[in-house]
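Written out below as structure tokens is the structure these notes cover.
The values are calculated or read from the model by the stated rules, or taken from the named source; none is laboratory data. For clarity, every value in this text was computed on a predicted model and none was experimentally measured. Cβ atoms come from the backbone with ideal geometry, glycine included; neighbour counts cover every protein chain shown. Ligands, DNA and RNA are stripped out before the accessible areas are found, and what is left, the full protein with its side chains, is counted by its heavy atoms. Shrake-Rupley method; radii C 1.70, N 1.55, O 1.52, S 1.80 Å.
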Amino acid sequence: MTRLLIIDDDVIIREIIKDSLVDYPIYVDDVANGIEGIKKIRENDYDVVLTDIIMPEKGGLELIVEIKSESRNIKIIATTGGGAFTANEYLKTAKELGADAVIAKPFSEIKLVEIIKDLTGKNE
């Protein structure tokens, strides 16, 4: 079973994603920001992290750099709906910093599951 950690400051987004994945062989944890995310990553063994880019306290770009600097074998999917810049600019920067995949909000559960399968090589 794939282990996924969702890091997003929007509780509704986290709940929607968790609910949409209930029929898939994916165990899901979630937290509200990058500080909580790093703590969870250090305490658990995740295959994939889905992180929002724009969050208070520790944003997704900083989180990507931190995860990669610790040489963790965790695949990172960065997501955003935009903000001060367009979503594409944020997602491009996320890829440059080491995100394994990017996906703009809103996205479908099918697209997310497809990316997770591609990154993990698990086709359950």
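One residue stands out in the stretch 1-26 among those that are in a helix (DSSP H, G or I) and touching a residue at least 60 places away in the same chain (Cβ under 8 Å): the one that is most open to solvent (accessible area, probe 1.4 Å), namely I13. Figure legend. Inter-residue proximity from the stretch 99-124: first residues in contact (Cβ under 8 Å) with a residue 60 or more places away in the chain and among the polar types (S, T, N, Q), second residues open to solvent by less than 90 Å² (accessible area, probe 1.4 Å) and in a loop (DSSP other than H, G, I, E, B), beta-carbon distance below 8 Å, spacing 6+ or different chains. Indicated pairs: T120/D47. Could you please find all residues in the stretch 66-80 being farther than 11 Å from D47 by Cα, in contact (Cβ under 8 Å) with a residue 12 or more places away in the chain and over 13 Å from the mean Cα position of the chain (by Cα)? Across the stretch 66-80, the qualifying residues are E66, K68.
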